[in-house]
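**Student:** Quick one: structure below, then a few questions.
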Amino acid sequence: MTDTRIQKKGDSFEQDQFLTILSREDALARFEAALFPRAIASEGRSLADALGQALATDIVSLIDVPPFDRSNVDGFALRSADLALAGEATPIRFVLNDEIIACGTAPVQIVSSGTATSIATGGPVPRGADAIAMVEHTQPVGERAIEIRRTASPGQFVSYAGSDIARGETLLRAGTVIGSREIGMLAACGIAEVSVARRPRVAVISTGDELVQPGLPLRPAAIYDTNGAIVTAAIRENGGEPVFLGAIPDVESELEATMREALDSCDMLVLSGGTSKGTGDVSHRIIARLGEPGIIAHGVALKPGKPLCLAVCDGKPVVILPGFPTSAMFTFHDMIVPVLRRMASLPSRADAKVAAKVPVRIASEIGRTEFVMVSLVEGADGLIAYPSGKGSGAITSFAQADGFLRINALANQISAGTETEVTLFTPHVRVPDLVIVGSHCTGLDLVTAPLARASLAVRSISIGSLGGLAAARRGECDLAPIHLLDEATETYNAPFLVDGLELIPGWRRMQGIVFRADDTRFEGMNAQEAVRAALADPTCIMVNRNQGAGTRILIDRLLGAARPDGYWNQPRSHNAVAAAVAQKRADWGMTIAPVAHAARLGFIPLAEEHYDFALVTARKQRPAVQAFLASLASDESRVALTRAGFRPA
Ligand code: AMP
Ligand code: MG
């Protein structure tokens, strides 16, 4: 057993954190071995309420469907032998019986030779008749007779009793998941209630002092509880019945009481957060007291998701998902969904998969199965899978991604150009109409809004100006938004274009110094004066930008050789700079005017940056590209951009 364990190397603190890391496969196998086989509880459900659940028993029909020999057409019930000599030149005449068999009318009269009875589609075939002549193939002769010029075979247009479903036939097998078609079959047999595998009741608890439920105001240093909503929805999607118990602070007694209550009333318990073995993390200590055998795996070789904790307490699965929402979501889908579906008697998920090439090298840690979210775009020869650039704390990467790829625990990378398998989040690939790869700007959302209204799918992948240009050169996108200053010529963007690309002017963004509006140190100054004042005050802390950002070039020019406190704080976005200043982590930094104004900060303008688009000329005539160019030039977009603080070119 120990051969599959990977002994965690590292310092003693780390060893204390996760003594034994199990491989993904080993952890799942042990978890399942501790839970299965198990009795599956069943419950009676009315047809409408059984949707999506698995049948607990075989269903045998107690009746024939149809219950009687039935006419398939509107026409006349008659004896086929009477038509043996019928032909174009030899019409056969039938006297009509004094009866019309509508749907739901039981026939009374016998059809004797030479007579016929009018019958509707779905009407029961009367005694004596063995075939139906379609009304279209008959001619009326007065009120009381018809003529027919073609023969009929016995059984023509008759559905015999039990021909669809025979009494005693097994209609549906135990384990069948009930969809609308199954509901239709059950209804046809008159079955109003079925026995189904009971949906496992799954208690959901978020843990953390910092969590606030969506809809309530956010206090300082708090964040919204994301996992509660994710896990609740994912449980419902996979056949469980979630019972959300809220976010509980990291207080051992309070958490233990809630966990015990949850296990009393539910079949399974899923917590999130607090799974490291830090002092504030108490859930795993509580689990050890909740029942046998207790913790089965604490630390799994997954990325994201290493701190996952799997336990079984007196037969009930208890899970602690990692706190970061994307980690929580991946581990839930990969490790918990298989168990939940088995408990609900549902088949394992059949996620759609597609082949796609990765355009860039993706580094990976050896020893952990790694999941990388990707966005798909159409390349010259097949799909391209762009890894989503954000860290494990980023929830939006889920919404923007089309699926994920899995990197084997033993691989240390996927090299650029490798063909990989992408597991889709949706049943089918949705290839976007317009692909924008490069530097992101909130102004972009304003310009693409009319495209979305016209049902054009826009995919915007933010990987920075240089990454966007490379993608445009490879023909993987329609447009690359860029803001690159060529220092030699002091011009933006145009010097960076190559053959096959053309420059579409976008808008200007005023860059400037931000400070808290009530900070009098910078009052009435221009940018140079403000930086001089900041450098003169040793208590004044700055926030910088990352190497490679256009903003960083401007900051470095202002600072010269100076390296004030805060210089090494180098976030990657305009908004992070504004947040650092607004929350007093820093006193000044540089960002763009719209972001400064949205954060209600003081702003000293410095220089305008050009945010333009490198357009792949070969794709210019595509309808979505034309729609984008039209929107960019429209009054609507120009007004919206101006209102948001940008200056359309
Ligand atoms: P923890 O494992 O509790 O240390 O959490 C790791 C990270 O995930 C921290 O940044 C937490 O604030 C965050 N986190 C934990 N639980 C949630 C949750 N329910 N929703 C959103 N973020 C969470
Ligand atoms: Mg926590």
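**Student:** How large is the dipole of segment 389-545 about the Cα centre if only Lys and Arg carry +1 and Asp and Glu carry -1, each at its Cβ, rounded to the nearest 20 debye?
**Tutor:** The dipole magnitude comes to about 360 debye.
**Student:** Going by average Cβ neighbours within 10 Å, how do the peptides 88-96, 256-264 rank, with the highest at the top?
**Tutor:** 256-264, 88-96
**Student:** Ala131's amide H: which non-local residues (gap 5+, or another chain) put their own amide H closer than 5 Å, with H modeled 1.01 Å from N in plane and none for Pro or chain starts?
**Tutor:** Leu78, Ser80, Gly155
**Student:** For the chain, what is the accessible area per residue in Å² when the probe is 1.4 Å? Please list the in-between numbers first.
**Tutor:** On the way: 30130 Å² over 649 residues.
So the chain comes to 46 Å² accessible per residue, rounded to a whole number.
**Student:** Further, regarding this structure: Pull out the extension gain between Trp568 and Arg474, defined as 0.36 nm times the separation in residues minus the alpha carbon to alpha carbon distance; nm, one decimal. Present the calculation step by step, with values, prior to reporting the outcome.
**Tutor:** On the way: separation 94, 0.36 × 94 = 33.84 nm, distance 3.43 nm.
In short, 30.4 nm is gained.
**Student:** Putting +1 on Lys and Arg Cβ atoms and -1 on Asp and Glu Cβ atoms, find which of Val177, Gly155, Ser206 reaches farthest to the positive end of the dipole of segment 109-256.
**Tutor:** Towards the positive end, the residue furthest out is Gly155.
**Student:** What residues qualify as long-range amide H neighbours of Ile248, i.e. H under 5 Å apart, gap of 5 or more or another chain, H built at 1.01 Å from N?
**Tutor:** Close amide H contacts, sequence-distant or interchain: Ser206, Thr207, Gly208.
**Student:** Right, another one. Determine, for each peptide in 73-81, 564-572, the mean count of other beta carbons within 10 angstrom over its residues, then list the peptides with the highest first.
**Tutor:** Final packing ranking: 73-81, 564-572.
**Student:** Which Cα, out of Ala120, Ile110, Ala145, lies furthest along the positive dipole direction of segment 70-159 (beta carbon charges, K/R +1, D/E -1)?
**Tutor:** Ile110
**Student:** Output the antiparallel fraction of DSSP beta bridges having both residues in the chain, as a percent to the nearest 5.
**Tutor:** Roughly 70 percent of the beta bridges in the chain run antiparallel, per DSSP.
**Student:** Compute, for segment 70-159, the length of the dipole vector about the Cα centre, with Cβ point charges of +1 (Lys, Arg) and -1 (Asp, Glu) only. Units Debye, rounded to 20. Could you put the intermediate results ahead of the total?
**Tutor:** Values: 7 positive and 9 negative charges, 35 e Å.
The calculation lands at about 160 debye.
**Student:** Also, quick follow-up: How many angstrom lie between the Cα centre of segment 154-213 and the Cα centre of segment 47-63?
**Tutor:** Each part reduced to its Cα centre gives a spacing of 4 Å.
**Student:** For the chain, with only Lys/Arg (+1) and Asp/Glu (-1) charged at the beta-carbon, what is the dipole magnitude about the Cα centre, in debye rounded to 20?
**Tutor:** Values: 62 positive and 71 negative charges, 167 e Å.
It works out to roughly 800 debye.
**Student:** Could you work out the Kirkwood radius for the chain, taking every pair of different alpha carbons, averaging 1/r and inverting it, reported in Å?
**Tutor:** Hydrodynamic radius (Kirkwood, Cα only) of the chain equals 30.7 Å.
**Student:** Same structure, new question: Report, by chain and number, residues whose modeled amide H sits under 5 Å from the one on Ala145, excluding near sequence neighbours (fewer than 5 apart, same chain).
**Tutor:** Those lying under 5 Å, H to H, from Ala145 are Leu96.
**Student:** Related question: Run the 1.4 Å probe and let me know the accessible area of Lys620, rounded to the nearest 10 Å².
**Tutor:** Counting only protein heavy atoms, Lys620 exposes about 60 Å² to solvent.
**Student:** By how many degrees, 0 to 90 and rounded to 10, does the Cα axis of helix 527-536 deviate from the longest principal axis of the chain?
**Tutor:** 60 degrees
**Student:** Which residue, Ala549, Ser462, Ile100, has the largest displacement toward the positive end of the dipole of the chain when charges sit on each Cβ (Lys, Arg +1; Asp, Glu -1)?
**Tutor:** Farthest along the dipole direction, towards plus: Ala549.
**Student:** Report P(r) for segment 70-159: all Cα-Cα distances, bin width 10 Å, range 0 to the bin holding the largest distance, values in whole percent.
**Tutor:** 20, 58, 21, 1
**Student:** May I pose another question? Given the convex hull over the Cα atoms of segment 311-458, what projected area results after averaging over all orientations, in nm²?
**Tutor:** 11.3 nm²
**Student:** Please compute the net charge surrounding Leu96, taking Lys and Arg as +1 and Asp and Glu as -1 over other residues with Cβ under 12 Å from its Cβ.
**Tutor:** Counting the neighbours of Leu96, the net charge comes to -2.
**Student:** When the accessible area of the chain is split by element with a 1.4 Å probe, what percent falls to carbon and sulfur?
**Tutor:** On the chain, the fraction of accessible area on carbon and sulfur atoms equals 54 percent.
**Student:** Sorted by average packing, counted as other Cβ atoms within 10 angstrom per residue and highest first, what order do 281-288, 514-521 take?
**Tutor:** On the way: 281-288: 18.9, 514-521: 16.9.
Ranking, from highest mean packing down: 281-288, 514-521.
**Student:** Would you list which aspartates and glutamates come within 20 Å of Lys584, measuring only between C-alpha atoms, while excluding same-chain residues fewer than 8 positions from it?
**Tutor:** Glu210, Asp518, Asp519, Glu523, Asp537, Asp565
The values are calculated or read from the model by the stated rules, or taken from the named source; none is laboratory data. Bear in mind that the values here come from a model prediction, so they are computed numbers and not experimental data. Neighbour counts are summed over all protein chains in view; Cβ atoms, including those assigned to glycine, are modelled from backbone coordinates with ideal geometry. Protein only, heavy atoms only, side chains kept; ligands, DNA and RNA dropped before computing areas. Shrake-Rupley method; radii C 1.70, N 1.55, O 1.52, S 1.80 Å.
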